[in-house]
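Below is one structure, written out as structure tokens; the observations come after it.
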Amino acid sequence: MLSRAKIVRCFVLICVIGLSDAIGSEQPGPNSRSSGRCRQPNIVVIFIDDLGYADIGPFGAKAYQTPHLDTMAREGRRFTDFVVSSAVCSASRSALLTGCFNQRIGIQGALFPNAKVGIHADEMTLGELCQQRGYATACFGKWHLGMEQQFLPLQHGFDYYFGLPYSNDMWPFVPGYENLPKESQRRVGFPDLPLIEGNKVVDAEVTADDQKQLTTQYTEKAVAFINEHADLPFLLYVPHSMIHVPLYVSEKFAGKSGVGLFGDVMLELDWSVGEIMGAIKRHQLEEDTLVVFTSDNGPWLNFGTHAGSAGPLREGKGTMFEGGYRVPTLMRWTGKIPAGSTCDELASTIDIFPTVAKLIDGELPSHKIDGKDIRPLMFGAEGAVSPHDHFACYYAGGELQAVRDRQFKLVFPHNYRSLNGRPGRADGRPIEYQQNRAEFALYDLKSDIGETTNIAAENPAVVLRLQQAADAYRLELGDTLTKSIGSACRPVGRLNQ
């Protein structure tokens, strides 16, 4: 029996064929298929794990080359103030796929292998949004929104899935285990890492050698998906496992960067982007395809040379300073997004969901979402500004640590982790963070991207305005620090719910 999504896609195909017959002699030839403009846009989202703000060429990386991402920037648009909902894995992914602050839908932090919670069945994902319109949908990579079958991609809007159900370090081996004595190599309490295809475990014990192939496998499956579905609209979501530690790279890129393992992994991720963009070009879909390249959060700094760089930004992953939640972002859509352009306005991963809804004429869920339509920013409309009057900066545990608008950021006192200038190691093993206490502070992000100068005393009106915005967020979404429950939070999904 055909699924509802496949029935819809068949109907779309019949309509397209009928339209082609009606157009007759004016139907564009095989080398000008895009000029027909009778198809909905394809959506491709490439989501890198723990990518720092300065880890790719278009955002300042110099130690290694990222030629395919450089090309994407030349042919598309850089977003320099693009942020995530929370600077940690599961929370950030839930926000991208639902268009909601992670706090609203109950996903906090990073879900571990034994978690009995995940994304709720009532939440609409980007996959389900696209399936409404007859899209073929695929996810190849790290899911991290629940390990149990009811939480996996096939139950949440994706026709195809291949990847790890959670982070690649959530396995029995400690970082740098290859160089440790045998008796010290395994951690207590972590099961073997599984590789899943569809709903089935196809490799119950992922090894280090297996991890070396993940980037290649995700890429090959992504390209094959494009090849198979080039004639109908598709959503392709590629949430790479890299550059999350432990770092692994295939033999074809090992040692090629000349600057160590991190550089090698970045070369392979750049290659992956090139392969996906090449498949789009071969099928002459460049004018029909929106490609978004971004990250779930900033670099995991205490892993030293195995971590990336936040560049001019303060701190990294696990904090809501700019280095934790501002991520390098590129978008390309030939003929739609202005080539070689830059957007400095505030936008977010939560905006992708409602923006895609507008692009494909999809129906948004009846419940509230937090993202905004950013088509004017994407397309470079004259005078376009951020649709966000303010933005809540949450971290794991439901604590509202900061709130911001297009220019200013108000930080509330909270504990955060920091290296405090100490260098990390070079062997893939982390050093311990130190705990700091953030002061009540106001920063001008337009002139002080590094959050170095507290200007709260000189700007009482701005402070008051952002405090009022924060109070409204606390009433609606809660705040563990102030013990606010939140009147508009929805439940997390629970096993067998």
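With respect to SER295, is the statement that it is open to solvent by less than 10 Å² (accessible area, probe 1.4 Å), within 19 Å of the chain's Cα centre (by Cα) and of a type outside the set (A, V, I, L, M, F, W, C) true? Answer is yes for this residue.
Somewhere in the stretch 390-405, is a residue free of Cβ contacts under 8 Å to residues at least 60 places away in the same chain and at negative phi? No. Within the stretch 232-252, the set of residues being surrounded by fewer than 21 Cβ atoms within 10 Å (Cβ to Cβ) and either more than 25 Å from LEU359 (Cα to Cα) or free of Cβ contacts under 8 Å to residues at least 60 places away in the same chain (or both) comprises SER250, GLU251, LYS252. Checked against the criterion of being closer than 21 Å to GLU322 by Cα, touching a residue at least 40 places away in the same chain (Cβ under 8 Å) and in contact with a Ser or Thr (Cβ under 8 Å, 6 or more places away or on another chain), the stretch 432-449 contains one or more residues that satisfy it. Is it true that LEU235 is modelled with pLDDT of 95 or more, farther than 20 Å from VAL206 by Cα and either basic (Lys, Arg) or touching a Phe, Trp or Tyr at 6+ places or on another chain (Cβ under 7 Å) (or both)? The answer is yes for LEU235.
The condition of being farther than 22 Å from THR125 by Cβ and of a type in the set (S, T, N, Q) holds for only one of ASN179, ASN199, that being ASN179. Within the stretch 466-481, being in contact with a Phe, Trp or Tyr (Cβ under 9 Å, 6 or more places away or on another chain) and assigned to a loop (DSSP other than H, G, I, E, B) holds for one residue alone: LEU481. The residues of the stretch 211-230 that are in a helix (DSSP H, G or I), surrounded by 15 or more Cβ atoms within 10 Å (Cβ to Cβ) and either in contact with a helix residue (DSSP H, G or I) (Cβ under 7 Å, 6 or more places away or on another chain) or not polar (S, T, N, Q) (or both), listed by number, are LEU214, THR215, TYR218, THR219, GLU220, LYS221, ALA222, VAL223, PHE225, ILE226. Residues in the stretch 130-144 that are within 17 Å of the chain's Cα centre (by Cα) and either closer than 20 Å to VAL356 by Cβ or surrounded by fewer than 24 Cβ atoms within 10 Å (Cβ to Cβ) (or both): THR137, ALA138, CYS139, PHE140, GLY141, TRP143.
Looking across MET147, MET124, one residue alone is part of a loop (DSSP other than H, G, I, E, B), open to solvent by 20 Å² or more (accessible area, probe 1.4 Å) and without any contact (Cβ under 8 Å) to a residue 60 or more places away in the chain. It is MET147.
The values are calculated or read from the model by the stated rules, or taken from the named source; none is laboratory data. No experiment lies behind these values; they were computed from the predicted model shown. With ideal geometry, Cβ positions are generated from the backbone for all residues, glycine too; neighbour counts draw on all protein chains shown. Quick note on the areas: whole protein, heavy atoms, side chains included, nothing else; ligands and nucleic acids left out. Shrake-Rupley method; radii C 1.70, N 1.55, O 1.52, S 1.80 Å.
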